[in-house]
Amino acid sequence: MKRGFLEATTMGFARALTRAMLSEQIARQRGLLQSLDPRVRLFGLFLLVLAVTLSRKMTVVAALFALALAIALLSRVRIATLATRVWLVVLAFTGVIAFPAIFVTPGHPVAVLGPLTITEQGLRTAALLILRVEAAVTFTTLLVLCTQWTHVLKALRALRLPKEAITMLAMTHRYVFLLVETASQMFESRRSRTVGLLKPAEQRHMAARTAGVLLSKSVSLSNEVYLAMQSRGFRGDVQVLSDFRLTMWDYCGLLLFLLAGAIAVWMGR
Amino acid sequence: MPPLFELRDVCFNYDDIPALRGLSLAIAQGERVALVGANGSGKSTLLRLLDALCFASQGSVNFDGHPLTAEYLADDQFAFAFRRRVALVFQNPDVQLFNPTVFDEVAFAPLQLQWPKEQVLARVSATLELMGIAHLRDRPPYRLSGGEKKRVALASVLVIDPDVLLLDEPTATLDPRSQSHVIDLIQEWKGSSKTVITATHQLEIVEDIADRVLVLEAGTVAASGTPAEILANHDLLLRANLVHAHRHSHGGVVHSHPHIHSHSKHEH
């Protein structure tokens, strides 16, 4: 049977769950990023994203992209994983945004397509935008791939993000999987009891009803979770353990991140 | 000695639907009590009331001489002391496992009760070993099987060594081996000062987990007695929807009798 938009989206989330599990495997491997304290990883990669964003020169952004590739290889992240999960997706989305710049940016014409003129400056602007987004998203993906989700949360806590925000993030991550699993089971159960094709209007009604049931389930689940937290002593202020320790290797890593970021910002002015 | 829990004429409604209707009971410290009843008889609501997660709309609930009311629970000192002594294991383990890893889950209660860090680490490690789940320490909850989730949920309350354990269908949906592990655990507490109140509709386990059985029917206590007394009262069990009349034939004669479903035994 042909799958509707909602069902296809739900299945997409289910695939994301599988990918999340794969990410944990990468995070447990021995590699450059994995050897650093999660706080250093988080801070350092954030710094490089900032440097990418602030750099105005193509060569500097390209150098940062090359740095991202080198970090990926040293952290045992497969280039094919990055290409399929990041680069192609970013190219598709950013390409749509960058495409008009090829024509509307004033400058030296390099080609004429009917009423439209492609300019050299337009090509440069579009290329810079795409490369910048590719590099920034690659650094962010490296953080996610090479760090267990729990460590990302702990690192955020160590960097003084409010406990409440981190708890919300952790619980969202935890329960989104459960709700997606419930939704896909609901779709499977519906399919098992449906013969033939439904009319589009019936499909829309069915999807709306499923969304409604899922919403009530999630409200009920959140109430239950809150009671379970209260039952174990939660009084509105989450207490967490944070037991990271910085080593000399971490300080070296932090220094290298700082140096790379500072040089990129200075050269890319 | 005054009872640990004392409930008098307790009523509780979910919006307009009554869940408990004029329920009265007393439970002494160290007792092992089974709450049995069909679905919707009020077992889970009663456990929540005993854990002060909801409050009676009428009647009174007392714990160790103190009224369990929203006002009392608003006091941090009383709330911490109460949560330290009373713990509830929810029926659905997914509700209870909201932390990123098994370790964080088990550490949650002692951390909220503001135990020192070293004590938290030591207790969590010991509890993980006790429950045989030390190898799952860094595993996120969505990568656990049903039996593992239940064990982690149990560990997450046992870590604070509570005086009172409230268990909501602890063996439901578990495979036979995991079921017997949970039952063994409850049996180990027999004779200790620990009070264990278990809600279940699995009659076949009550003799193992309780010294007294309370039969709940439509939000009130329909009967109270030893497991042997309750299990022998087939009329009561039939009325409370805990058994059903089973019809079959011997030769050409068709006859019926109460039927208790059991994984471990099949009683005729």
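The values are calculated or read from the model by the stated rules, or taken from the named source; none is laboratory data. Small disclaimer: the values here were computed from a predicted structure and weren't measured. In this analysis, Cβ positions are derived from the backbone assuming ideal geometry, glycine residues included, and neighbour counts consider all displayed protein chains.
Would you mind telling me which numbered condition in (1) of a type in the set (D, E, K, R); (2) closer than 22 Å to B:V106 by Cβ; (3) modelled with pLDDT of 90 or more; (4) in a helix (DSSP H, G or I) B:E229 fails?
Every condition holds for B:E229 apart from (2).
Search segment A:50-76 for residues that are over 21 Å from A:A126 (Cα atoms) and pair each with any residue that is of a type in the set (K, R) when their beta-carbon atoms are under 9 Å apart and the residues are at least 6 apart or on different chains.
Correct list of pairs: A:A72/A:R78; A:R76/A:R30.
Could you list, in sequence order, the residues of segment B:114-128 that are within 8 Å of chain A (Cβ to nearest Cβ) and buried (at least 19 other Cβ atoms within 10 Å of the Cβ)?
B:V120
Does A:V195 meet the test of being within 27 Å of B:P140 (Cβ to Cβ), outside the structural domain of A:R39 (by TED's automatic domain parsing) and modelled with pLDDT under 80?
no
Is at least one residue of segment A:96-116 part of a helix (DSSP H, G or I), free of Cβ contacts under 8 Å to residues at least 60 places away in the same chain and under 20 Å from the mean Cα position of the chain (by Cα)?
Step one: list which residues in segment A:96-116 are part of a helix (DSSP H, G or I), which gives A:96-104.
Next, from what is left, pick out any that are free of Cβ contacts under 8 Å to residues at least 60 places away in the same chain: A:96-104.
Applying the additional criterion that residues be under 20 Å from the mean Cα position of the chain (by Cα) yields A:96-97.
Yes, that holds for at least one residue.
Are there any strands (runs of 3 or more DSSP E) wholly within segment B:1-43 with 2 or more residues that are acidic (D, E) and closer than 27 Å to B:Q187 by Cα, and if so which?
Details: elements: B:5-14, B:17-27, B:32-36.
Strands (runs of 3 or more DSSP E) meeting the threshold: none at all.
Can you name the residue in segment B:54-85 that is in contact with a strand residue (DSSP E or B) (Cβ under 7 Å, 6 or more places away or on another chain) and assigned to a loop (DSSP other than H, G, I, E, B) and is also nearest to the other protein chains (Cβ to nearest Cβ) among such residues?
B:C54
Within segment A:13-50, count every residue that is closer than 26 Å to A:G196 by Cα and at pLDDT 65 or above.
Qualifying residue count, segment A:13-50: 0.
For the subset of segment B:86-96 comprising residues that are over 16 Å from A:R235 (Cβ atoms) and more than 8 Å from chain A (Cβ to nearest Cβ), which member is surrounded by the most Cβ atoms within 10 Å (Cβ to Cβ)?
The qualifying residue surrounded by the most Cβ atoms within 10 Å (Cβ to Cβ) is B:V89.
Yes or no, residue by residue, for (1) modelled with pLDDT of 80 or more; (2) among the acidic types (D, E); (3) over 27 Å from B:P100 (Cα atoms):
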residue: A:R160; (1), (2), (3): no, no, no
residue: A:K163; (1), (2), (3): no, no, no
residue: A:M168; (1), (2), (3): no, no, no
residue: A:H173; (1), (2), (3): no, no, no
residue: A:F177; (1), (2), (3): no, no, no
residue: A:R190; (1), (2), (3): no, no, yes
residue: A:A211; (1), (2), (3): yes, no, no
residue: A:L214; (1), (2), (3): yes, no, no
residue: A:S222; (1), (2), (3): yes, no, no
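Give segment B:141-178 a look and list any residue that's assigned to a loop (DSSP other than H, G, I, E, B) and surrounded by fewer than 18 Cβ atoms within 10 Å (Cβ to Cβ), or say none. Spell out how you get there, then give the answer.
Our first condition is that a residue be assigned to a loop (DSSP other than H, G, I, E, B); within segment B:141-178, this holds for B:144-145, B:159-163, B:169-175.
Listed by number, the residues that qualify are B:S145, B:D161, B:D163, B:A172, B:T173, B:D175.
Within segment A:193-240, count every residue that is surrounded by 18 or more Cβ atoms within 10 Å (Cβ to Cβ), small (G, A, S) and not in a helix (DSSP H, G or I).
Of the residues in that region, 1 qualify.
Would you mind stating whether A:R132 is under 29 Å from A:A262 (Cα atoms) and not in a helix (DSSP H, G or I)?
No; evaluated as a whole, the condition is false for this residue.
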